[in-house]
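What follows is calculated from the coordinates using simple rules that are stated; it is not laboratory data. Bear in mind the structure is a predicted one, so any value in this text is a computation, not a measurement. Don't worry about glycine lacking a Cβ; one is built from the backbone with ideal geometry, like all the others, and counts go over all protein chains shown.
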Amino acid sequence: MSMEKRIATGISGLDRVIEGGVRDNTTLLVVGSSGTGKSTFAMQYLNYGLENGENALYISMEEPPEQIMREAKMLGFDLDEYYEKELFFFHSKGKDFVKLVDEQLPALVEANKNYSVKTRVVIDPLTPLLWAVQDKQEQREIITKLFYTLKQLGPVLITTEEHASPGETVGEDVLIPIYMSDGAVHLTYRPIGGAFNRALEIIKMRATRHGEEVYPYIFVRGIGVVVRTTPLISAEDVRKYDDVFDKAIRTAADLGAGEKVLNRLVYVKDNWSYPFSPKETLQIFFESQGFNDTMTKEDIARKKEALSSEPPKTESEGCQDTVFSEEEALSDEAGSSEQDEDALIDIENLSELEELVR
Ligand SMILES: Nc1ncnc2c1ncn2[C@@H]1O[C@H](COP(=O)(O)OP(=O)(O)O)[C@@H](O)[C@H]1O
Ligand SMILES: [Mg+2]
């Protein structure tokens with residue numbers, strides 16, 4: 001798991017499938033058609049920051065602040081106490097975007113430079129800007145500049161209205177904002193009745209191991225949105241597959257893998273967060289690295305020899321020393337008999353093979 005500090009979005013259920021929250025100074029795009037709950041998301045995100053001592057900047061390109069505050073109240077968020085103390089609005093009407101992006105926001109960032117309180121930023125929605133700037137190249141440039149500027153204040157949440165045509169996964173009109181964002185979630189609403197007609201999917205989340213399911217969400221007055229997720233993997237399960245990895249690392253070393261490959265395997269072990277065994281993944285990886293059960297003694301010798309012409313510590317013994325920790329030795333003992341059957345490439349068979357080749 002990544003060690004970087006995460007910032008909770010405050011959107012119930014979302015944080016636990018994105019490693020605890022968003023990264024600071026990144027953009028998160030919320031895409032969905034009208035009525036899917038984008039504004040509710042934005043308000044919940046803002047409110048969470050305000051309640052936790054942050055400042056907030058709300059950029060609206062349509063509605064005036066008074067109306068936004070009124071709507072927030074209807075959703076159960078009373079922002080009056082923060083208004084113009086911790087919560088600030090930028091209301092950019094008509095075609096003022098260029099001025100907003102080129103002058104006002106950079107000036108604000110500059111003025112904020114030595115200010116230690118974090119500012120959560122919301123743009124709800126970005127859509128009028130996309131409509132005002134039709135040229136794709138121009139759109140890309142203005143969004144780049146806008147995102148770049150706002151990210152300096154803190155984590156940014158942007159909503160965008162989607163108009164997907166039948167058969168489209170995501171509307172073509174939102175592809176540029178998705179492309180430019182560090183993260184993107186997609187909200188869909190199928191008015192078919194029942195509790196599961198609204199769903200959230202994570203389209204992307206840079207540098208994050210994120211949930212990949214379709215998550216139903218509901219509106220709860222007083223909370224906002226509650227996304228019905230299950231945590232990615234429980235803390236005690238995280239180390240469940242260490243034995244499988246250790247076995248694989250030993251096998252790789254025996255097959256003549258170099259330090260780089262072995263270190264990479266250790267890295268994969270430390271970062272594995274799927275609720276299923278890495279065995280198949282490792283098998284596929286091994287094959288891609290040229291390790292398989294048809295390897296002959298000569299193949300192995302050739303591999304080792306090729307490596308030994310490189311800098312020191314490339315012999316399998318040396319590799320094992322660098323890769324294996326005491327921890328590993330313990331876990332090896334604990335789960336050995338069962339894991340032996342799980343061996344990727346049976347070492348016994350290999351020595352038989354060696355005999356044959358001889
Ligand atoms: N407490 C609630 N119960 C049921 N539905 C709600 C509730 N709050 C909001 N909604 C639904 O959310 C919709 C609007 O959400 P909103 O966040 O404004 O969406 P968007 O910004 O994507 O257009 C409303 O039309 C309504 O259907
Ligand atoms: Mg809205």
Stretchable slack from residue 4 to residue 264, in nm (0.36 nm times residue separation minus alpha-carbon distance): 91.6 nm
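Between the DSSP loop rule and a limit of at most 16 other Cβ atoms within 10 Å, which chymotrypsin sites (Phe, Trp or Tyr not before Pro) in region 5-84 are left?
none
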Where labels lie 7 Å past Cα in the beta-carbon direction, separation of residue 305 and residue 93 in nm: 8.1 nm
If amide hydrogens are placed 1.01 Å from N in the peptide plane, which non-local residues have theirs closer than 5 Å to the one on residue 57? 88, 120, 121, 122
Arrange the peptides 237-248, 166-177 so that the one whose residues have, on average, the most other Cβ atoms within 10 Å appears first. 237-248, 166-177
Cross-link table 204/279; 5/93; 247/297; 93/118, entries beyond 30 Å C-alpha to C-alpha: 5/93
Round to a whole angstrom and tell me the spacing of the C-alpha centers of region 20-61 and region 252-284. 38 Å
Could you tally the net charge around residue 173, taking each other residue with its Cβ under 9 Å from the Cβ of residue 173, Lys/Arg +1 and Asp/Glu -1? -3
Considering only the other residues whose Cβ falls under 13 Å of the Cβ of residue 218, what net charge follows from Lys and Arg at +1 and Asp and Glu at -1? +3
Does region 6-231 come out rounded, prolate or oblate, given a ≥ b ≥ c as the square roots of the eigenvalues of its C-alpha gyration tensor, rounded meaning a/c under 1.5 and, failing that, prolate meaning a/b above b/c? rounded
What FRET efficiency would be calculated for the residue pair residue 83, residue 226, taking the C-beta separation as r and a Förster radius of 22 Å, to the nearest 0.05? 0.25
Of the peptides 105-114, 10-19, how do they stack up when ordered by the mean number of other Cβ atoms within 10 Å, highest first? 10-19, 105-114
Separation between the residue 214 and residue 137 pseudo-spin-labels, each 7 Å from Cα along Cα→Cβ, expressed in nm? 3.9 nm
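May I ask you to order 85-91, 254-260 by the average number of other C-beta atoms within 10 Å around their residues, highest value first?
254-260, 85-91
Provide the FRET efficiency to the nearest 0.05 for the residue 298-residue 207 pair, computing r from the beta carbons and using R0 = 41 Å.
0.45
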